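Throughout, read-outs are computed from the coordinates displayed, never taken from laboratory work. Owing to the predicted nature of the structure, the values given are computational and were not obtained by experimental measurement. A quick note on method: Cβ atoms are made from the backbone with ideal geometry, for glycine too, and the neighbour counts reach across all protein chains shown.
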Amino acid sequence: MTQPPLCLVADIGGTNTRVALADGARIRPDSVRRFGNSGFPGLAPVLTRYLAESGITSVEGACVAAAGPVKDGVATMTNLDWTIDGATLTRATGARTVSILNDLQAPGYALGHIAPQNLRPLITAPQVPGGTMLVINVGTGFNAAAVHDTPSGRLVTASECGHVNMPVRTGADLRLAHFVESAHGFPGVEDVISGRGLERLHAFVTTEAGAAADLPAARIMAAIDAGDPLARQTAQLFTRLLGAECGNLALIHLPFGGIYLVGGVARAFADHLLPMGFAQAFHDKGRFAGFMENFAVTLLQDDYAPLTGCAAHLAQIMRG
């Protein structure tokens, strides 16, 4: 049996970078290491240090997922002063095959390689084999990527849909949009449905209640779990907006193969989504409410999904 090629994969966030080795499409779990980005001037020193400490001089392939837009094979990090291109990966790793993905494309390539215990159904519906799928990230930011399986392989299309207008369904939503706009300039989806979005929603809810508070997301989550009324109201608003926007994206992309939520904030809200009305908000599309029952929604709870996706994508392109 032919030995799968040894590859290097990395998941680059605004604060940390995780690096791992992969045998073809399979991650070596014991190889995963995390590096604080503040200690490095760019990605190359992270990768060379990782390989040196692993006792490896080079790999056959390298693929990274970057938290920022990728254009013409060059990634520009959104919250980090790093620019990453193929030449950087080649110099740092010695790899002959290199690829750079947006950090949301990577989980799209991971679908089908995730253990069943890491998939938590939220809304059940028939999932059409080979149908379009949709990955929606709710974390530090918000974004989505459509996943298409084609005769020539999987294609995951990038987007920056977290920066379109936030959903407005009620008068309170319109007041929220003005509230966000007055403080931050433009009321985008990411400004209300993300980690920092949760903070802005809480500021809005407490301001409307006459008890304005400025709390970090972690403290708001703790207050939600403790039953604080304004924190719970914030969570309900967050859940409704998330459900509404996921529904919007479902109608845009028609993901009959299923919708997958990823990201730390999505996982943190896992126990609250259904009790606080996520499904109702998702289906709330007027005369298309029945049509919305065609779309399954699943929470992807595998923290290594971006690394697995990088490995799967690399294996695909190395097969030709």
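Any idea what angle helix 195-208 forms with the longest principal axis of the chain, computed on alpha-carbon atoms, 0 to 90 degrees, nearest 10?
10 degrees
May I ask you to derive the relative contact order of the stretch 205-320, considering only C-alpha pairs under 8 Å and at least 6 residues apart, and to give it as an integer percent?
Working: 90 pairs, mean separation 31.0, N = 116.
Relative contact order, the stretch 205-320: 27 percent.
Go through the stretch 54-67 residue by residue and turn each phi into a ³J(HN,Hα) via Karplus (6.51, -1.76, 1.60, θ = phi - 60°); whole Hz please, and just put x for glycine and proline.
These are the phi-based 3J(HN,Hα) values: 8, x, 10, 8, 7, 10, 7, x, 9, 9, 10, 10, 10, 7 Hz.
About its Cα centre, how strong a charge dipole does the chain have in debye, to the nearest 20, once Lys and Arg get +1 and Asp and Glu get -1 at the Cβ?
Once rounded to the nearest 20, the dipole reads 420 debye.
Which translational diffusion coefficient, to the nearest whole µm²/s, is obtained for the chain from the Stokes-Einstein equation, given a Kirkwood hydrodynamic radius over C-alpha pairs, 25 °C and 0.890 mPa s?
In µm²/s, the coefficient rounds to 120.
Just how large is the dipole of the stretch 174-239 about the Cα centre, in debye to the nearest 20, putting +1 at every Lys and Arg Cβ and -1 at every Asp and Glu Cβ?
60 debye
Please work out the Kirkwood hydrodynamic radius for the stretch 252-320, using every pair of different C-alpha atoms, and report it in angstroms with one decimal place.
14.4 Å
Just add up the charged neighbours of Asp271: K/R +1, D/E -1, any other residue whose Cβ is under 14 Å from the Cβ of Asp271.
Details: positive: Arg120, Arg232, Arg267; negative: Asp225.
Residues close to Asp271 contribute a combined charge of +2.
Skipping prolines and chain starts, which residues have an amide H placed within reach, meaning under 5 Å, of the one on Gly188, given they are 5 or more residues away or on another chain?
Distant-sequence amide H within range of Gly188: Met166.
Local charge sum around Gln301 (other residues, Cβ-Cβ under 11 Å, Lys/Arg +1, Asp/Glu -1)? Write out the running numbers ahead of the final one.
Working: positive: Arg120, Arg267; negative: Asp302, Asp303.
Net charge around Gln301: 0.
Using only alpha carbon pairs under 8 Å that are at least six residues apart, calculate the relative contact order of the stretch 221-282 and give it in whole percent.
This gives 50 percent for the stretch 221-282.
Taking the Cβ of Val156 as the center, what net charge do the other residues with Cβ under 14 Å away carry, scoring Lys and Arg +1 and Asp and Glu -1?
That works out to -1.
Among Pro151, Pro121, Pro129, which one moves the most in a GNM of the chain with springs linking Cα atoms closer than 10 Å?
Top of the fluctuation ranking is Pro151.
Of all the stretches in the chain, which is the longest one without any exposed loop site, taking trypsin sites (Lys or Arg not before Pro) in a DSSP loop (any state but H, G, I, E, B) with at most 14 other Cβ atoms within 10 Å?
170-320
To the nearest 20 debye, what is the magnitude of the charge dipole of the stretch 33-121 about its Cα centre, counting +1 on the Cβ of each Lys and Arg and -1 on the Cβ of each Asp and Glu?
Roughly 200 debye, rounded to the nearest 20.
Of the beta bridges DSSP finds with both residues in the chain, what % are antiparallel, to the nearest 5?
If I count the DSSP bridges inside the chain, around 60 percent turn out antiparallel.
For the chain, what is the relative contact order in percent, using Cα pairs closer than 8 Å and at least 6 residues apart in sequence?
Over the chain, the number comes to 22 percent.
Would you mind checking the tilt of helix 171-184 against the longest principal axis of the Cα atoms of the chain, expressed as 0 to 90 degrees and rounded to 10?
Computed tilt is about 50 degrees.
Of Thr48, Ala213, Ser152, whose Cα points farthest to the positive end of the dipole of the chain (charges on the beta-carbon: +1 Lys, Arg; -1 Asp, Glu; origin at the Cα centre)?
Ser152
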